[in-house]
Amino acid sequence: MLNKKMSNMNKPKILFLCTGNSCRSQMAEGWARHFHAGKYDLYSAGIEKHGLNPLAVQVMAEAGVDISGHKSRLLDELPVTEFDYVVTVCGHADENCPFFPAKTKVIHHGFDDPPKLAAQCTSEEEALEHYRRVRDEIKKFAQNLMIS
């Protein structure tokens with residue numbers, strides 16, 4: 001049991017940070033868990049808390065990744081306070097990224113905001129296309145995530 005605990009302590013801790021932790025950061029955490037289960041300690045949070053976006057849950061489920069159990073959280077609600085990497089997935093989070101200790105590497109990889117794009121749509125199917133496109137872009141990013 002001690003060896004397992006020690007190996008968990010050695011895994012890089014990665015945080016996906018977005019404005020509201022409702023969509024993009026949730027998708028990024030879901031995809032990263034899907035592709036890299038056990039390799040990293042993965043988290044997502046927001047600068048604000050907007051609640052889990054149901055359309056994000058829906059399009060991730062379509063792709064075979066269940067994020068329905070995720071919760072929208074703020075940084076101070078996470079069980080960990082230090083991260084090896086923080087990946088900001090939106091411009092607002094990048095511009096307003098909280099201060100992290102020097103050992104933390106902050107990486108910005110922005111994605112379009114599906115709820116903002118969907119607000120102009122005239123049908124749910126048209127709105128879902130924005131969510132699916134961003135989901136697939138985040139999938140490609142998470143699939144190629146190489147952090148040691």
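One table, with the values for the structure above:
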quantity	calculated
Any helices (runs of 4 or more DSSP H) falling wholly within region 1-93 and containing at least 2 residues that are in contact with a Ser or Thr (Cβ under 9 Å, 6 or more places away or on another chain)	24-36, 54-62
Failed item in (1) surrounded by 12 or more Cβ atoms within 10 Å (Cβ to Cβ); (2) farther than 14 Å from N21 by Cβ, with E82 passing the rest	(1)
Residue that is surrounded by the fewest Cβ atoms within 10 Å (Cβ to Cβ) [pool: residues in region 137-146 that are within 15 Å of the chain's Cα centre (by Cα) and farther than 20 Å from T19 by Cα]	N144
Matching option when the condition is modelled with pLDDT of 95 or more, closer than 18 Å to D113 by Cα and aliphatic (A, V, I, L, M), among A32, A45, A63	A45
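A quick yes/no check of all residues on (1) more than 16 Å from K13 (Cβ to Cβ); (2) surrounded by 17 or more Cβ atoms within 10 Å (Cβ to Cβ); (3) among the charged types (D, E, K, R):
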| position | (1), (2), (3) |
| --- | --- |
| S68 | yes, no, no |
| V87 | no, yes, no |
| C90 | yes, yes, no |
| P98 | no, no, no |
| D112 | yes, no, yes |
| A118 | yes, yes, no |
| A127 | yes, yes, no |
| R133 | yes, no, yes |
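The values are calculated or read from the model by the stated rules, or taken from the named source; none is laboratory data. As the structure is a prediction and not an experimental result, all values here were calculated from the model. Backbone-built Cβ (ideal geometry, glycine too); neighbour counts: all protein chains shown.
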